[in-house]
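Structure record follows, encoded as structure tokens.
Values in this text are rule-based calculations from the coordinates and carry no lab data. Here the structure is a predicted model, which means the values were calculated and not measured. Cβ coordinates were reconstructed from backbone atoms using ideal geometry, including for glycine residues, and neighbour counts include every protein chain displayed.
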Amino acid sequence: MITPLLSFHQVQFGYKPKTLPVLDGLDLSLKEGRITAILGPNGAGKTTLLYLALGWLKPWAGVINLAGKPIEEFSRRVLGQQMALIPQSEHIPFEYTVLEFVLLGRAPYLPSLEMPSHADERIAYEALEKVGIAHLFDHSVLGISGGERQLVLVARALAQTPRLLLLDEPTSHLDLGNKYRLVRILQGLQEHGATILMTTHEPDLALAVSDEAVLMEKGRVLITGPTAEVATGENLSRIYRVPVKIIPVEGKNQVIWM
Amino acid sequence: MSSVVTAAPLQKTFTRNHKRQRILLWLGLALVVLFFVSLLWGRYPSVGLIPWQQLNQDELARLLVVNLRLPRLLTALFVGISLSASGTVFQTLFGNPLVEPGFLGVSQGAACGAALCIVFLGGSAAMIQGLAIVFAFSGLGASYFLARRIRYGGWVLRLVLSGIAVSALFSAGLGVLKYLADPLRQLPEITFWLLGGLSSITWTQFLSILPATVAGLVFLILFRWRLNLLALNEETAFSMGAAPKRERLLLLIAAVLPAAAIISVSGMVGWVGLIMPHIGRRLFGSDTRYSLPASMLLGGIFTILCDDLARTLLAGEIPLGILTSLLGATIFIILMVSRGVKVER
């Protein structure tokens, strides 16, 4: 059997000691080269799961492995080369140019006191090209639209040239056009071998791009498997407690919820 | 294929970074020239420059330049460089353009320590300096540990809150000391210290602050690109291989060290640490790779100019802090309302 790129074994985690854990008995494994979507109502522990995968939060119990090795055995720097986070939103305090900001993604490859080289700038610029906003390279990150800023965060993650991309509700600030672009970008990355784990509130997005889906509720994984089998009307109705139907239209599954 | 497409915009970036480096070099050169001109500038024998021949003949002029002006100018240089560097680092780490090097209890701590020394311990220069530096660091320590005990809010908010609280305690203490001080002897001395000035700087004082100041500044300069990373959210910085808590603390100490050392000999020199980082960013962009050295050089130039005015404008000495605030705030206002001022960003 192939070693999964990322796996959780009986992971338990909570934010405050002596309270109920937020995640409990969580098992999950990500296959390399696949897009996995985590679905679940607010407070199900989706973002917590991402932060645990990143190594930013430490589990109370259980093991999280990256390529078969516990993540605490990796240095932060190596983790930064293997995994990149695209946060839901980010506070940017100063007017960096887009290129300067994306260049920060090269940090895991540079010793603490070293300056980025021309090669690093080139990688950062190519990351901008990949997400289709290279023309904005000289704009201020604070002077572009929210959707473009989200794409800048994607580019910064790509500048880390990671094996695994972690996206936290990537479409929450995007209009329809940018959502479509993001879907195409993710599919393009997958074709180049990237493994992607994303949380989302939109079953449509999961159905459109993900190979695998994970349904979470109250800190546990309810069902996991191929998206078409997991994101069914029945299952979605159960976790969101609203009637949901999945109807195939022109060969694609569409989510109907009203 | 991509090299053909990417060449133009990237080349533009490379050229600009090159240009920024060149401008930094010119700023450095301007600073050196200003330094040597200022060495000859003063009120001896009359207002203006001491002629070069006179230095060879006049023993008094030589002593004046070597023993009084040189240590004073070097201190002014380090006041500017240190406060601007710490200011830039503080503003970046806290993601807030309103903080200045002394706000974590450092300035008020130093002031309280100096006043304590003047009122109760006689107030020799060395003792004032020693107590000011001890209190500056206890201010920082108190702010840091209080921030760790606060049970809500993010790290930045907690540090800002505890910095405000600790500063308030020290300034209350300073108030008590002023009230207790002998209004004829001690109170003027406290006031003069609070206004900041370099009129009585000696070689001993300058040399005593040199090691800590240089160590802190060298570290900050070497760390200047990675500093950008620590302006980001903690989890984002972590995801890019940083240890945000440890690295921030390290930078905080490296930034406070020169600032506290400088405040202990110069007193409160206001506005340098607040506006030079703004001007640096305004002229060179937010990337601390360039804005940090830029603000340091600008800070050095600004403080030396202010000190030149402080010692020659009137027959008596004008406290340096008054001039830095007056000119600093004026420049700040002009900069904030004008749009066109920028070198390359």
* Relative contact order for chain A: what is it in percent, counting Cα pairs under 8 Å that are at least 6 residues apart? -> 25
* Asked: If you rank A:39, B:73 by fewest surrounding Cβ atoms within 10 Å, what's the result?
  -> B:73, A:39
* DSSP beta bridges in chain A [antiparallel fraction, %, rounded to 5] -> 55
* Structure fact -> Computed ³J(HN,Hα) along region B:206-215: with the Karplus parameters 6.51/-1.76/1.60, θ = phi - 60°, integer Hz and x for glycine or proline, the list is 4, 5, 5, 8, 4, x, 4, 5, 5, 4
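Averaged across B:229-236, how many Cβ atoms of other chains sit within 10 Å of each residue's Cβ atom?
On the way: counts 5, 0, 6, 9, 6, 1, 10, 12.
Across the residues of B:229-236, the mean count of other-chain Cβ atoms within 10 Å is 6.
Under 1.5 on a/c is rounded, so check that first for chain B, then, if it is not, pick prolate when a/b is larger than b/c and oblate when it is not; a ≥ b ≥ c are the square roots of the alpha carbon gyration tensor eigenvalues.
Numbers: a/c = 2.17, a/b = 1.17, b/c = 1.85.
It is oblate, given that a/c is not under 1.5 and a/b is not larger than b/c.
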* Roughly how big is chain B's charge dipole about its Cα centre, with Cβ charges of +1 (Lys, Arg) and -1 (Asp, Glu), in debye to the nearest 20? -> 1080
* To do: Please name whichever of B:264, B:329, B:283 sits farthest to the positive end of the charge dipole of region B:188-345, dipole taken about the Cα centre and charges placed at Cβ: Lys and Arg +1, Asp and Glu -1.
  => B:283
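Rounded, prolate or oblate: which fits region A:153-229 when a ≥ b ≥ c are the square roots of the eigenvalues of the alpha-carbon gyration tensor, with rounded for a/c under 1.5 and prolate only if a/b beats b/c? Could you put the intermediate results ahead of the total?
Working: a/c = 1.65, a/b = 1.39, b/c = 1.18.
Since a/c reaches 1.5 and a/b is larger than b/c, the shape of region A:153-229 is classed as prolate.
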* Asked: How large is ³J(HN,Hα), in whole Hz, for each residue of region B:312-328 in order, when computed from phi with the Karplus curve 6.51 cos²θ - 1.76 cosθ + 1.60 and θ = phi - 60°, using x for Gly and Pro?
  -> 10, 4, 10, 5, x, 6, 8, x, 4, x, 5, 5, 5, 5, 4, 6, x
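Dipole magnitude of chain A about its Cα centre, charges +1 at Lys/Arg Cβ and -1 at Asp/Glu Cβ only, in debye to the nearest 20? Walk me through the numbers before you get to the answer.
Working: 24 positive and 27 negative charges, 138 e Å.
Here chain A has a charge dipole of around 660 debye.
Given a cut-off of under 8 Å on Cα pairs at least six residues apart, what relative contact order in percent is computed for chain B?
On the way: 508 pairs, mean separation 94.9, N = 345.
Normalised by residue count, the contact order of chain B is 28 percent.
Once you have a ≥ b ≥ c as the square roots of the Cα gyration tensor eigenvalues for region B:256-313, tell me rounded if a/c is under 1.5, and otherwise prolate or oblate according to whether a/b is larger than b/c. It would help to have the intermediate numbers written out before the result.
Details: a/c = 2.69, a/b = 1.46, b/c = 1.84.
It comes out oblate by the Cα gyration axes.
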* To do: Please list the non-local residues whose amide H lies under 5 Å from the amide H of residue A:217, H modeled 1.01 Å from N, same-chain partners needing a gap of 5 or more.
  => A:222
* Structure fact -> The farthest towards the positive end of the charge dipole of the protein assembly as shown, of the residues A:213, B:225, A:131, given +1 on Cβ of Lys and Arg and -1 on Cβ of Asp and Glu, is B:225
* Hey, can you grab everything whose amide H is under 5 Å from the amide H of residue A:38? Only 5+ residues off in sequence or another chain; H modelled, so Pro and N-termini drop out. => A:198, A:199, A:200, A:214
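Between the DSSP loop rule and a limit of at most 11 other Cβ atoms within 10 Å, which trypsin sites (Lys or Arg not before Pro) in region A:184-258 are left? Intermediate results must be reported in sequence, preceding the final value.
Numbers: sites: A:184, A:218, A:220, A:238, A:241, A:245, A:252; in loops: A:218, A:241.
Passing sites in region A:184-258 are A:241.
Going by how many other beta carbons lie within 10 Å of each one, how would you line up A:202, A:126, fewest first? Mind dumping the intermediate values first?
Numbers: A:202 16, A:126 19.
The order, fewest Cβ neighbours first, is A:202, A:126.
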* Using θ = phi - 60° and the Karplus form 6.51 cos²θ - 1.76 cosθ + 1.60, what ³J(HN,Hα) does each residue of region B:267-275 get, whole Hz, x for Gly and Pro? -> x, 7, 9, x, 6, 4, x, 8, 8
* Structure fact -> In chain A, taking the dipole from +1 charges on Lys and Arg beta carbons and -1 charges on Asp and Glu beta carbons about the Cα centre, the listed residue (A:243, A:52, A:222) farthest towards the positive end is A:222
* **Ascending count of other beta-carbon atoms within 10 Å, so fewest first, for A:181, A:149, B:151, A:156** => B:151, A:181, A:149, A:156
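Among the GluC sites (Glu not before Pro) in region A:226-258, which ones are in a DSSP loop with at most 12 other Cβ atoms within 10 Å of the Cβ? Mind listing them?
Values: sites: A:229, A:234, A:250; in loops: A:250.
Counting only loop positions with at most 12 other Cβ atoms within 10 Å, the GluC sites (Glu not before Pro) in region A:226-258 are A:250.
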